[in-house]
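First up is the structure itself, then whatever we jot down about it.
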Amino acid sequence: MVEEEQKYEVDDAYVLPDLSATSPDGGRVRALPPVTLVARYLDTVDLRLARAGASLRHRRGDELPWTVKLPTSTPGVRHEISRPGPVKQPPPELVEMVTALHRGAPLAPVTVVRTVRHAHEVCDKGGTVLAEVVDDHVTVLDDSGATIGSFRELEVERKAGDRKLLDHVGTVLRKAGARGGSFTPKHVRALGAAARAEPDLVAPAGLRADPSAGDVVTEAVRKEVRRLLAHDPLVRLGVPGRGGDSAVHQMRVACRRLRSDLRTFAPLVRRKWSRPLRAELRWLAGVLGAARDAEVLRDRLRRTATADPLSPLDPGAVDRLDEALAERQRQALAAVNEALRSARYLALVDALVLAANAPRLTSRAAAPATRALPGLVARPWQRLTGPDGVDALDPLAPDDRWHAVRKEGKQARYAVNAVAPALSKAARRLSRALAGVQDVLGEHQDAAVAADTWLAIAAERPEDHEMAVTAGRLAERERATVRRMRGRFPAAWHLATRRRRTSWLP
């Protein structure tokens, strides 16, 4: 689940204001009996979880006592995953969920927090809880149970209400003297300054006005490492994305882009450092690829099957095709989970964190970005535009030829994307135009693969005549898409290669 909340600091003399004005017309505020919560937080000795904004805790009295909380890109919004388990043994699933943070370092209790909670539920007229306001009196305990610190805070958690209500409640609390409205977890306050130190994973910080080539390399590496590791726990959870943009997809894209960036920036990074990293990223992208391919095919099957309402397909046959793909997906996801639990992956995570902290650069990386980077894009661009690239494309060429150009186009696009933030508007225009080219080539490839897949699955079940007919009709629709994409390609390519977009290339 996703938890969204705001926290406010108050002193012991603070009086909670009347919250009735925060409920909608006909609603009410319901006070709950006070409860005492005792939470024990686990972390590494150097507080890797806390410094990254995450936590792993056991809280006595909860139905599911073990909880992991993971940060999102939105302050105050966290992923919350709870599981059962004995008090002294965290569930392995939750320990694995924070692998990208602890990186194999042992987890042990680091603080115990006792909270006396007075909760108030803001309800609508039907009794639905829109938000919860809690007044927490927090005591920090040592190993013997003695008090070593205390504080009081207010917490407003969004339930069925909207963000506007959350802000309105916050305004009422601040008018009564509450401070803040930002977000600092209890265990971070309890642990003090050490828990507020910088996380091990260095985040991208944006480029300065006149960056060096090395600055661009560093920013690109940090961006993709952050994307990869942020989606690690979501892949383990099986979190779906919007419109097929799943965690598996995002993690795979991060692998591919980082490999491509290291290739593009080859003269600027040390080869002995980058080659092993690229090899391990290739391994991980391959494992993720099978799961992503099955995911794409299942989504495409339903869209293609319903594309023509006037010519419906046999729903039972479509379901059986989907069942075959679902089995492929289950096997592929099992392989992903096995890979993410491996020592090989743990070593890769460690290497990625180190890479984001300090990429191994050559002396050439000290040159200004505007001078050093355009030439690095020349090689992938020439492969794409040369005699074995787009120039060799023919409307009647086999699918493999079109796919080869798609791969060259993806490498060129990634290269342009990597350097564009430090270069001209023309570079950014080319990046956007190449995205359009890749959309056409990507749809072409997806349709070609899908057509072959439907027929291959049906061929495995020769006795299922309805499936054979349905697969044939699906394949015909996919081949029509292939022809349509080949027709669209020249216009997309012409748009991308206009002089105003390519003038910066050497």
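Per the conditions (1) open to solvent by less than 30 Å² (accessible area, probe 1.4 Å); (2) closer than 21 Å to ALA358 by Cβ, the sole criterion not satisfied by VAL253 is (2).
Report whether or not GLU476 is part of a helix (DSSP H, G or I), open to solvent by 20 Å² or more (accessible area, probe 1.4 Å), over 22 Å from VAL419 (Cα atoms) and in contact (Cβ under 8 Å) with a residue 40 or more places away in the chain.
For GLU476, the condition - part of a helix (DSSP H, G or I), open to solvent by 20 Å² or more (accessible area, probe 1.4 Å), over 22 Å from VAL419 (Cα atoms) and in contact (Cβ under 8 Å) with a residue 40 or more places away in the chain - is not met.
Restricting the first member to region 269-296 and to residues that are within 24 Å of ALA213 (Cβ to Cβ) and in contact (Cβ under 8 Å) with a residue 60 or more places away in the chain, and the second to residues that are among the polar types (S, T, N, Q) and open to solvent by less than 50 Å² (accessible area, probe 1.4 Å), the beta-carbon pairs closer than 9 Å and six or more apart or on different chains are VAL269/THR362; ARG270/THR362. Which residue is farthest from VAL169 (Cα to Cα), if the candidates are limited to region 101-126 and must be open to solvent by less than 30 Å² (accessible area, probe 1.4 Å) and not in a strand (DSSP E or B)? Restricting to residues being open to solvent by less than 30 Å² (accessible area, probe 1.4 Å) and not in a strand (DSSP E or B), the top hit is ALA105. For region 138-152, the set of residues classified as among the aliphatic types (A, V, I, L, M) and closer than 19 Å to LYS7 by Cα consists of VAL138, VAL140, listed by residue number. One residue alone among ARG152, ARG158, ARG114 is over 24 Å from THR22 (Cα atoms) and of a type in the set (Lys, Arg), and that residue is ARG114. Do we have ARG298 as more than 22 Å from the chain's Cα centre (by Cα), more than 19 Å from ALA347 (Cα to Cα) and among the basic types (Lys, Arg) here? In short, no.
Mind listing whichever residues of region 256-284 are of a type in the set (A, V, I, L, M) and either under 19 Å from the mean Cα position of the chain (by Cα) or more than 23 Å from VAL336 (Cβ to Cβ) (or both)?
Result: LEU258, ALA266, LEU268, VAL269, LEU281, LEU284.
Residues considered: ARG259, ARG263. Of these, the only one that is open to solvent by 30 Å² or more (accessible area, probe 1.4 Å), of a type in the set (Lys, Arg) and touching a Ser or Thr at 6+ places or on another chain (Cβ under 9 Å) is ARG263.
So GLY389 passes all but one of these: (1) modelled with pLDDT of 95 or more; (2) open to solvent by less than 20 Å² (accessible area, probe 1.4 Å); (3) farther than 30 Å from SER212 by Cα. Which condition number does it fail? With (1) modelled with pLDDT of 95 or more; (2) open to solvent by less than 20 Å² (accessible area, probe 1.4 Å); (3) farther than 30 Å from SER212 by Cα applied to GLY389, the lone miss is (1). Close contacts from region 303-323, counting a first residue that is surrounded by 12 or more Cβ atoms within 10 Å (Cβ to Cβ) and a second that is polar (S, T, N, Q), with Cβ to Cβ under 6 Å and a gap of 6+ residues or different chains, come to LEU313/THR470; ASP314/THR470; ALA317/THR470.
Of the residues THR147, THR128, THR72, THR139, which is in contact (Cβ under 8 Å) with a residue 60 or more places away in the chain and among the hydroxyl-bearing types (Ser, Thr, Tyr)? Talk me through it step by step, then tell me what you get.
On the way: THR147 fails: in contact (Cβ under 8 Å) with a residue 60 or more places away in the chain; THR128 fails: in contact (Cβ under 8 Å) with a residue 60 or more places away in the chain; THR139 fails: in contact (Cβ under 8 Å) with a residue 60 or more places away in the chain.
One residue alone meets the criteria, THR72.
The set of residues in region 170-187 that are more than 16 Å from VAL77 (Cβ to Cβ) and either of a type in the set (D, E, K, R) or in contact (Cβ under 8 Å) with a residue 60 or more places away in the chain (or both) comprises VAL172, LEU173, ARG174, LYS175, ALA176, GLY177, ALA178, ARG179, GLY180, LYS186, HIS187.
Can you work out which of the residues in region 392-410 that are open to solvent by less than 20 Å² (accessible area, probe 1.4 Å) and in contact (Cβ under 8 Å) with a residue 24 or more places away in the chain is farthest from HIS444 (Cα to Cα)? Applying the filter and picking the extreme gives GLY409.
Given the condition touching a Lys or Arg at 6+ places or on another chain (Cβ under 8 Å) and not β-branched (Val, Ile, Thr), answer yes or no: does some residue in region 373-388 qualify? Checked against the condition, which is being touching a Lys or Arg at 6+ places or on another chain (Cβ under 8 Å) and not β-branched (Val, Ile, Thr), region 373-388 yields no hits at all.
Restricted to region 58-88, and to residues that are in contact with a Pro (Cβ under 6 Å, 6 or more places away or on another chain) and outside any strand (DSSP E or B), which residue is surrounded by the most Cβ atoms within 10 Å (Cβ to Cβ)? For region 58-88, the residue satisfying everything is GLY85. Evaluate region 350-369: report whether one residue or more is modelled with pLDDT under 95 and surrounded by 16 or more Cβ atoms within 10 Å (Cβ to Cβ). Checking region 350-369: at least one residue is modelled with pLDDT under 95 and surrounded by 16 or more Cβ atoms within 10 Å (Cβ to Cβ).
Within region 1-18, which residues are open to solvent by less than 50 Å² (accessible area, probe 1.4 Å) and either over 37 Å from the mean Cα position of the chain (by Cα) or more than 15 Å from LEU154 (Cα to Cα) (or both)?
At the first step, the residues of region 1-18 found to be open to solvent by less than 50 Å² (accessible area, probe 1.4 Å) are 3-8, 10, 14, 16-17.
GLU3, TYR14, LEU16, PRO17 - these are the residues of region 1-18 that are open to solvent by less than 50 Å² (accessible area, probe 1.4 Å) and either over 37 Å from the mean Cα position of the chain (by Cα) or more than 15 Å from LEU154 (Cα to Cα) (or both).
The values are calculated or read from the model by the stated rules, or taken from the named source; none is laboratory data. None of these values were measured; they are calculated from a predicted model. Methodologically, a virtual Cβ is constructed for each residue, glycine included, from the backbone with ideal geometry; neighbour enumeration extends over all protein chains shown. With ligands, DNA and RNA removed, areas are computed over all heavy atoms of the protein, side chains included. Shrake-Rupley method; radii C 1.70, N 1.55, O 1.52, S 1.80 Å.
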